[in-house]
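The values are calculated or read from the model by the stated rules, or taken from the named source; none is laboratory data. This structure is a prediction, so every number in the text was calculated from the model and none was measured. Positions of Cβ are backbone-derived with ideal geometry, glycine not excepted, and every protein chain shown enters the neighbour counts.
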Amino acid sequence: MSWVKVLDLDALPQESRQVVKIGNRSILLINHSGQIYAVDSICPHMRGPLQKGEVTSSGDIVCPWHHSVFALTTGEVKSWTPWPPGVGKVLGMMKGEKALSVFPTRVEEGNIWVEVEESQSENRQKTS
Ligand code: FES
């Protein structure tokens, strides 16, 4: 594992989000209530775009496609594909429940750092 400097803290104001590329992985940075979170930007169900997901007041993120809910701190599944009613349950059975990948973060001298696997730390690039 190694730490990668990904973004100036100033570029991620409170309640904002930003996708950064580390190696071949797109990581979603979220500043929620002053806490910085780093999670996979792609939903583990059917690759829904989590950068468009709602962040709840309790610190969860909701996938915009089938409304799976994941804890930002641990990636734990709080709800798996409840949407749309009836159909969502079927979609959830097509691909088994899987936690969201989360990454440790730290802020140092005004920069956000994310810890990733060694092989992904060689190339970093902001994507949106
Ligand atoms: S793609 Fe995210 S819940 Fe289905």
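Select from the range 39-54 the residues that are more than 9 Å from the ligand (Cβ to nearest atom) and either out of contact with any helix residue (DSSP H, G or I) (no Cβ under 6 Å at 6 or more places or on another chain) or assigned to a strand (DSSP E or B) (or both) and list them in ascending order.
Going residue by residue through the range 39-54, those that are more than 9 Å from the ligand (Cβ to nearest atom) are 39-41, 51-52, 54.
Of everything in the range 39-54, those that are more than 9 Å from the ligand (Cβ to nearest atom) and either out of contact with any helix residue (DSSP H, G or I) (no Cβ under 6 Å at 6 or more places or on another chain) or assigned to a strand (DSSP E or B) (or both) turn out to be V39, D40, Q51, K52, E54.
Filter the range 13-47 down to the residues that are over 14 Å from the mean Cα position of the chain (by Cα) and either of a type in the set (A, V, I, L, M, F, W, C) or buried (at least 20 other Cβ atoms within 10 Å of the Cβ) (or both) and list them by number.
Answer for the range 13-47, where residues must be over 14 Å from the mean Cα position of the chain (by Cα) and either of a type in the set (A, V, I, L, M, F, W, C) or buried (at least 20 other Cβ atoms within 10 Å of the Cβ) (or both): just M46.
What is the number of the single condition among (1) within 16 Å of the ligand (Cβ to nearest atom); (2) part of a strand (DSSP E or B); (3) within 23 Å of V4 (Cα to Cα) that F70 does not meet?
(3)
Of everything in the range 26-65, what is closer than 18 Å to N111 by Cα and β-branched (V, I, T)? Give them in sequence order. Working first, answer last.
Let us first name the residues in the range 26-65 that are closer than 18 Å to N111 by Cα, namely 27-39.
Selection gives I27, I30, I36, V39.
Just to be sure I understand the filter: pairs with C-beta atoms under 7 Å, separated by 6 or more residues or on different chains, first member in the range 19-44 and under 18 Å from K5 (Cβ atoms), second member part of a strand (DSSP E or B) and of a type in the set (S, T, Y). Which pairs pass?
That search, which allows pairs on different chains as well, returns V19/S26; I30/Y37; I36/T105; Y37/T105; A38/T105.
Mind counting the residues in the range 20-74 that are closer than 20 Å to V87 by Cα and aliphatic (A, V, I, L, M)?
So the answer is 3.
Suppose we keep only residues that are touching a strand residue (DSSP E or B) at 6+ places or on another chain (Cβ under 7 Å) and not basic (K, R) within the range 3-12. Which one would you say is surrounded by the most Cβ atoms within 10 Å (Cβ to Cβ)? Before you say what the answer is, go through the steps one by one.
Applying the first criterion (touching a strand residue (DSSP E or B) at 6+ places or on another chain (Cβ under 7 Å)) to the range 3-12 yields 3-9, 11-12.
Then keep just the ones that are not basic (K, R); that gives 3-4, 6-9, 11-12.
Working: W3: 14, V4: 19, V6: 25, L7: 17, D8: 10, L9: 14, A11: 15, L12: 19.
It comes out as V6.
Going by what's in this entry, would P64 be described as surrounded by 15 or more Cβ atoms within 10 Å (Cβ to Cβ), in a loop (DSSP other than H, G, I, E, B) and free of Cβ contacts under 8 Å to residues at least 24 places away in the same chain? Explain how you work it out, then say what you get.
Details: surrounded by 15 or more Cβ atoms within 10 Å (Cβ to Cβ): yes; in a loop (DSSP other than H, G, I, E, B): yes; free of Cβ contacts under 8 Å to residues at least 24 places away in the same chain: yes.
Criteria met by P64.
From the list S68, S26, S79, exactly one residue is modelled with pLDDT of 95 or more, of a type in the set (S, T, N, Q) and within 22 Å of S119 (Cα to Cα). Which is it? Don't jump to the end; show me each part of the working.
Working: S68 fails: within 22 Å of S119 (Cα to Cα); S79 fails: within 22 Å of S119 (Cα to Cα).
The conditions single out S26.
Inspect the range 4-13 for any residue being without any contact (Cβ under 8 Å) to a residue 12 or more places away in the chain and away from the ligand (no atom under 11 Å from the Cβ) and give the result as yes or no.
The initial filter retains those residues of the range 4-13 that are without any contact (Cβ under 8 Å) to a residue 12 or more places away in the chain, namely 11.
Those still in the list that are away from the ligand (no atom under 11 Å from the Cβ) too: 11.
Checked the range 4-13: at least one residue is without any contact (Cβ under 8 Å) to a residue 12 or more places away in the chain and away from the ligand (no atom under 11 Å from the Cβ).
Scan the range 75-118 for residues that are within 16 Å of the ligand (Cβ to nearest atom), in contact (Cβ under 8 Å) with a residue 40 or more places away in the chain and part of a strand (DSSP E or B) and jot them down.
V102
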